[in-house]
Every structure is written in C-alpha cells, then in structure tokens.
Amino acid sequence: MLHFSVALFSLSLLSFFTSIDSTPRITLGFSYNDVLLTPKHSSANSRSDADTSTKLSKRIYLSTPIVSANMDTVTESRMAIAMAQCGGIGIIHRFNSIEEQVGQVEKVKRFRSAVIASPITISPEATVCQARQLMREKNITGLLVTDSNKKLLGIFTSRDMRFLPDSETPIKALMTKREDIATGNKDISIAKAKELLMKHRVEKLPLVDENDCIIGLITSKDIYHRAEYPHASTDSQDRLLVGAAIGVKEDSIDRAKALVSAGADVLVIDIAHGDSDLEVNTLKQIKSLFPDVDVIAGNVCTPEGTQRLIEAGADAIKVGVGPGSICTTRIVSGSGYPQLSAVINCTHVADAYGIPVIADGGIQTSGDITKAIAAGASTVMLGSLLAGTDESPGTPFLKNGKKFKVIRGMASFGTNLKRADTTKKEAYVPEGVEAIIPYKGSMAETVHQLIGGLYSGMSYCGVSTLSELRGNGDFVQITAAGMRESRAHDVQEMA
Ligand code: XMP
C-alpha cells in the first residue's frame, strides 16, 4: 500500500515537473585558461607586419583592438587620451556627476585636432591673474587676445608670465602684439602651417578671416601628435575618439544628451545584467534620440541576450558576466558563464547581424587577447591589465617597499558607498571587490607588450590580419597538467 502511494506520489510529482518543463540543463563552458590555440603554418616574414585593425562597433574602426574599461580606477581622460593615441579607445566611467563626465570627454576631444575651431580667447584688459586662471581651467598654455568682435590683437602665453607672481597687470602690457604674429587663412594646408610655425619659431598659428577676426587655431603640439601617433583613433576633425558609459536609471537620458553634445563618439550602456527590459528600453530610447551615434550594449553572455540587444538597436555587444578580475557576481549570485564559451556563443549570433562583439573582462595575458579574438570577438575590454599604470586614475602608494595603485569593481561596496545604507533591509549587496594592484609605469609600455604578444599569437595561428584570426580559432582543451606545463616550471623565477 505504502509502495503504491509513494509510487503514485512520485508519478504525480514527475508529471508536474514534466508539465512545467523544468528539467535543469547543464552544458560545459570554457574559460581562456582551459584552452590553447593549435599552431598553424605561417608564411609571414615578420610579426610586426601584422595588421591589427578591427571594428569597435557598426561605424567605428580602430587600429588596435583594445578598449579600456569604464571603471573609475581605469578610465578617465588621461587613460582615454593614451588609449586613443595608441589606436584603441577609452570609455569614460559613469560613477561621477554628469558635469564631471562631460568635462572628461571634453578634455579628450580638446587634446588634439587638425584645426581648433573655437580657440579660447581673452580680452586685452584681463589681468595676468585672470589669464593664469583661465589657462589652468582649460588646461592650455596660451590665449588669443581679441576685442569683442574676435579681432586678433595679440597672443598671451604662459611664457609671458613665467616669473610674474599673480598680478593685476593687464595682459596687453605683456602680450605679443598683432604686428609680430604670423597667421594663416581658412584654406591653409597643414604642411604650410608647419612651415610657418617653424619659420617664426612659434607654437601657435591663429587663422583669421579678411577682417582679421579669429576663425581657428593650429598648434605645433597638434602637428607633433599627428606625426608621433600615426595610428591614433581619430574623428573627421583629427580629434581623438572617446566613448562614455551611461546606466539605465534616473539621469541616463540627460547624461547621454550631455555626453553626445560634448562630442562623445560612442555611448556604452553598461549594466551588470544587460539582458533585461531596463537595458532594452534604454537602448531603444537612446537609439531613437541619437540614430547617428553608435551605442554599445551589455553586458550579456548568451546568444538570446545578444539577439535581444541587437534587435533593440545595439551597434556592438559587450560580452562578459562575471569574468572580471574584481568581480564576485558569480560567487554572490551563482550566475555567469565561462568567458571563452560566452564569446563563442554570442559572436555566433552577432556575426549573423554584422555586429561586433567586445570581450569584456577576464583577460589576464596577451595570449588571452589572441584567444578572445580567435573565439570571435573584435576587441577586448581591459580593466586590471591597465589599472596600475600612470594613466589610470589615482596615485601610487608604497606598501612593504613596493608601489601599488587601487582597483575596484564598479559593483563593489566602496564605489557604491552613497547607495549603501546598512541600516536598511535592502542594504547594498556588493558584486565586486576593492583591491591593490602593482604599479606598472606607462600604459604605452603595457599596451606595447600586449600587442607584441598578439602579433606573436597571430603568427602562431598562421594569419597576418585580425580579420583572418577573428572567429577562426582551432582550440584544444587542456588539463591541469597542460596548464602547469604551459607556465614556467621547475625553476624559481627571478622577479
Ligand atoms: P578585468 O578582468 O579586465 O575585468 O579587470 C574588467 C571588467 O570587469 C567588469 N566589472 C565588474 N564585474 N562586479 C562585476 O561582476 C564589479 O564590481 C565589476 N566592476 C567591473 C566590467 O565588465 C569590466 O570591464
């Protein structure tokens, strides 16, 4: 009898589960460290001939497949400038006020340009003290002195006041006067401008119209940057490219409007669980407001999430749930997907729409960059590999005689201190940690090493362009012994 009733109960339980189709599913997923790329024949003569150009989003191309993460210990204007100079792009984080984020974007956009269309001007009656403050505020070394109609009267530079204390002296007494200033007109070529700057041994060449009114400015610094960084990521006016992150709540639309008018080239809608109505609705709203601005959406880790965001208008997809160095999402929530498999699965769908994928998080070595691209990503987003460099926000500090900087997850407690009210039931639950990371010196050196490793990886894969590598990885799964064999072993490393 008992047997019968248990059997009956089990049967009804089984049919209940069957009817709601809740059988758990399980698949195998791989992380970068689980695999290697099988070497193939290479016919390239030199690794440095490799072409690493790629697509960031539907309309934006980069010569280096690296994007610096929108984290407050990774990307502000200094990192974004350095990233764009080396052919990648930086995404300014959103953990600040709209004004602060806009200011960061403006600093990048002002850093270099073929012609500065609206140079900063000052009245001849202004004092040395006022000029010094304006230069400091705008982060520039010289001001064009004009009347109220923008007619050129002189130039006042930091050299003119180098040994003067803050003073009430009007700058007209110290400036270089109009008759001693070389100028160009609206049709001047960069080559001619360079010639004039050299001939007159000056740093700035104002451009004037037929009434001697200011219409632009060419600086020797801009010409130098153009020559020094030929692969820099630039817009049509030769200004550096920069992206900026927004969220999905409260101020996101106002933030997006302010960032676009400040010149942001690409927006990133960045939330931890991008496969959500909140993200889809924000994305649709942003795309209808700014159809000409590329929008990167994420983060997702499944083909379904990728498809939903692309159909809502995404111009690139950011893939990665929980692989980051400072992430605890997988531990806290139990959710996520091993990053290599996530990139392979999401790219499979994104490719069908011609939309690039950014592999975000979990990149520990240059070899991982090669693996991410061979898995299908077009670019990689880096956090910890770039934190700790001179260009990341924050100051290095000493600990046990060694220099470190701070890195923190954007969902860590420290970052969200304002939101965290531990007296409330719904107190903030962090999904990231705050940590220290060894100080690494210049970002350019780090990127040089990463790109050198990528060149090498491309050579082992028998390709000379990133588009040949992308999605064409021939991966082999390795064991724990294979992993051990891959690293330096049976020796004691010197450093
Ligand atoms: P890496 O490994 O390059 O990863 O340092 C950077 C990426 O990590 C993500 N990120 C977080 N993920 N909790 C998370 O689960 C966090 O607090 C957090 N902060 C950053 C983000 O995608 C970043 O680009």
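Out of ASP275, ASP294, one residue alone is within 16 Å of the ligand (Cβ to nearest atom), at pLDDT 95 or above and either surrounded by fewer than 24 Cβ atoms within 10 Å (Cβ to Cβ) or aromatic (Phe, Trp, Tyr) (or both). It is ASP275. Condition check: closer than 30 Å to ILE89 by Cα, touching a residue at least 12 places away in the same chain (Cβ under 8 Å) and either open to solvent by 50 Å² or more (accessible area, probe 1.4 Å) or not assigned by TED's automatic domain parsing to the domain that holds LEU56 (or both). Does ASP222 satisfy that? Criteria met by ASP222.
Against the numbered list (1) more than 16 Å from ILE326 (Cβ to Cβ); (2) free of Cβ contacts under 8 Å to residues at least 40 places away in the same chain, LEU466 comes up short only at (2).
The set of residues from the stretch 110-127 being over 16 Å from ILE223 (Cβ atoms) and in a loop (DSSP other than H, G, I, E, B) comprises ALA117, SER118, ILE120, SER123, PRO124, GLU125, ALA126. Just the residues that are crowded, with 21+ Cβ neighbours inside 10 Å and assigned to a helix (DSSP H, G or I), please, taken from the stretch 311-343. Answer for the stretch 311-343, where residues must be crowded, with 21+ Cβ neighbours inside 10 Å and assigned to a helix (DSSP H, G or I): THR329, GLN339, LEU340, ALA342, VAL343. Criterion applied to GLU445, GLU434 was being out of contact with any Cys (no Cβ under 6 Å at 6 or more places or on another chain), open to solvent by 50 Å² or more (accessible area, probe 1.4 Å) and within 13 Å of the ligand (Cβ to nearest atom), and the one residue passing it is GLU434. When ASP21, ASP34 are checked against the criterion of being at pLDDT 80 or above and of a type in the set (Asp, Glu), a single residue qualifies: ASP34. Could you go through the stretch 371-389 and let me know if any residue there is within 22 Å of PHE95 (Cα to Cα), assigned by TED's automatic domain parsing to the domain that holds ALA80 and either open to solvent by 20 Å² or more (accessible area, probe 1.4 Å) or part of a helix (DSSP H, G or I) (or both). Yes - at least one qualifying residue is present in the stretch 371-389.
Residues that are touching a residue at least 60 places away in the same chain (Cβ under 8 Å) and in a helix (DSSP H, G or I) within the stretch 262-299 comprise just one, ALA262. Cβ-Cβ contacts under 9 Å between residues 6 or more apart (or on different chains), taken from a first residue in the stretch 173-187 that is in a loop (DSSP other than H, G, I, E, B) to a second residue that is among the acidic types (Asp, Glu) and open to solvent by less than 60 Å² (accessible area, probe 1.4 Å), are listed as LEU174/ASP160; MET175/ASP160; THR183/ASP212; ASN185/ASP209; LYS186/ASP209. Of all the listed residues (THR64, THR52, THR75), the sole one being of a type outside the set (Phe, Trp, Tyr), closer than 30 Å to GLU106 by Cβ and within 14 Å of the ligand (Cβ to nearest atom) is THR75.
For every residue, the table says whether it meets (1) touching a residue at least 24 places away in the same chain (Cβ under 8 Å); (2) within 11 Å of the ligand (Cβ to nearest atom); (3) over 20 Å from ILE26 (Cα atoms).
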{"site": "GLN339", "(1), (2), (3)": "yes, yes, no"}
{"site": "ILE344", "(1), (2), (3)": "yes, no, no"}
{"site": "PRO356", "(1), (2), (3)": "yes, no, yes"}
{"site": "GLN364", "(1), (2), (3)": "yes, yes, yes"}
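Scanning the stretch 444-470 for residues that are among the aliphatic types (A, V, I, L, M) and part of a helix (DSSP H, G or I) returns ALA444, VAL447, LEU450, ILE451, LEU454, MET458, LEU466, LEU469.
This table checks each residue for (1) at pLDDT below 95; (2) at negative phi; (3) within 18 Å of the chain's Cα centre (by Cα); (4) within 9 Å of the ligand (Cβ to nearest atom).
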site: HIS348; (1), (2), (3), (4): no, yes, no, no
site: ALA359; (1), (2), (3), (4): no, yes, yes, no
site: ILE369; (1), (2), (3), (4): no, yes, yes, no
site: THR379; (1), (2), (3), (4): no, yes, yes, no
site: GLY401; (1), (2), (3), (4): yes, no, no, no
site: LYS405; (1), (2), (3), (4): no, yes, no, no
site: SER412; (1), (2), (3), (4): yes, yes, no, yes
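In the stretch 298-317, what count of residues is obtained for those that are more than 7 Å from the ligand (Cβ to nearest atom) and closer than 25 Å to THR365 by Cα? Residues that pass the stated criteria total 6. Scanning the stretch 84-108 for residues that are buried (at least 21 other Cβ atoms within 10 Å of the Cβ), of a type outside the set (A, V, I, L, M) and part of a helix (DSSP H, G or I) yields a total of 3.
Restricting attention to the stretch 236-252, the residues that are within 19 Å of GLU279 (Cβ to Cβ) and either surrounded by 15 or more Cβ atoms within 10 Å (Cβ to Cβ) or not assigned by TED's automatic domain parsing to the domain that holds LEU278 (or both) total 7.
Close contacts from the stretch 55-67, counting a first residue that is over 20 Å from HIS93 (Cβ atoms) and a second that is open to solvent by 20 Å² or more (accessible area, probe 1.4 Å) and of a type in the set (Lys, Arg), with Cβ to Cβ under 7 Å and a gap of 6+ residues or different chains, come to TYR61/LYS55.
For the stretch 290-309, the set of residues classified as under 14 Å from GLN339 (Cα atoms) and of a type in the set (A, V, I, L, M, F, W, C) consists of VAL300, CYS301, listed by residue number. When the criteria are applied in full, ILE437 meets the requirement of being touching a Gly at 6+ places or on another chain (Cβ under 7 Å) and either in a loop (DSSP other than H, G, I, E, B) or aliphatic (A, V, I, L, M) (or both).
Just checking, does the stretch 123-139 include any residue being touching a residue at least 60 places away in the same chain (Cβ under 8 Å) and surrounded by fewer than 13 Cβ atoms within 10 Å (Cβ to Cβ)? No, every residue in the stretch 123-139 fails to be touching a residue at least 60 places away in the same chain (Cβ under 8 Å) and surrounded by fewer than 13 Cβ atoms within 10 Å (Cβ to Cβ). For the residues GLN449, GLN477, the requirement of being farther than 27 Å from ASP49 by Cα and polar (S, T, N, Q) singles out GLN477.
The values are calculated or read from the model by the stated rules, or taken from the named source; none is laboratory data. The model shown is predicted, which means the values in this text are computed figures rather than measured ones. So basically every Cβ, Gly included, is an ideal-geometry build from the backbone, and we count neighbours across all protein chains shown. These area figures cover heavy atoms from the full protein model, side chains too; ligands, DNA and RNA do not enter into them. Shrake-Rupley method; radii C 1.70, N 1.55, O 1.52, S 1.80 Å.
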